[in-house]
Amino acid sequence: RRKLDRANWRWQSLKRMRLFLGGMLLSACGGSSAGPLDCNWLASSNCWKTTLAGASSCLPYSIATGSFSTDRLTCLYSSGEQVTFTTAIPNPVPADQLWNFTLVSGSQTCIKLEQPDGSTFRLTTSAGAAIAITSGSDEVVTCPDGSKFAGNLAALLNCASATSIPGRSASYGTATASLSLLGGDSPNGAVHIFTCQ
């Protein structure tokens, strides 16, 4: 009987622990469970696309090039848009450069990107803030309304191109830096943000 009582106590303790941990996870996630980040989500008018589209009317022309300031903390376009970086952009730009900046058009904040590490993107536009976090081969996107979508990147590449998955694409030349954000509502998924030299 003692063995049964002990087993029952352990079972009840495990149940309480599971409930407690489940509550903590829901609390940490704002109560929003994760939906599938799958091919249907990528093909739909998902929250990453709509957040990125919030900047479509105020981004510089993709064929235009802005000029870095001497300290490489800002990049100014002749059409008036300005990119302000949180830290000076090195010359040459390293392949693992983290992009943290605000792009302003006139008096309007067009787009803000925060990349605290190599796997996190926080995108803010007039449509709200969306976050994409990559962990190993998995990615989780948190929408402006707090809903979350999680999926496996390798599985997504079976049905979609790399440029249709939320992320970034950067290219560098002599004293030049160009950045596009991926997963947008464009023919190939890439939305050009700036080119500066």
### Task
Evaluate the following for Ala162: is it among the small types (Gly, Ala, Ser), modelled with pLDDT under 95 and open to solvent by less than 40 Å² (accessible area, probe 1.4 Å)?
no
### Task
Could you please let me know if Ser171 is more than 14 Å from the chain's Cα centre (by Cα), open to solvent by less than 40 Å² (accessible area, probe 1.4 Å) and free of Cβ contacts under 8 Å to residues at least 24 places away in the same chain?
no
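Of everything in the stretch 126-181, what is charged (D, E, K, R) and more than 26 Å from Ala95 (Cβ to Cβ)? Give them in sequence order.
Of everything in the stretch 126-181, those that are charged (D, E, K, R) and more than 26 Å from Ala95 (Cβ to Cβ) turn out to be Asp145, Lys148.
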### Task
From the list Ser62, Ser45, pick out the single residue that is at pLDDT below 95, within 24 Å of Ala190 (Cα to Cα) and in a loop (DSSP other than H, G, I, E, B).
Ser62
#### Entry: the stretch 137-168 - residue that is touching a residue at least 60 places away in the same chain (Cβ under 8 Å) and small (Gly, Ala, Ser) and, of those, farthest from Leu73 (Cα to Cα)
Ala155
### Query
Of (1) under 14 Å from Ala175 (Cα atoms); (2) under 24 Å from the mean Cα position of the chain (by Cα), Val83 satisfies all except one. Which?
(1)
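The values are calculated or read from the model by the stated rules, or taken from the named source; none is laboratory data. Note that this is a predicted model, so its numbers are computed, not measured. All Cβ positions, glycine included, derive from the backbone under ideal geometry; neighbour counts span all protein chains shown. The accessibility values were calculated without ligands, DNA or RNA, using every heavy atom of the protein model including side chains. Shrake-Rupley method; radii C 1.70, N 1.55, O 1.52, S 1.80 Å.
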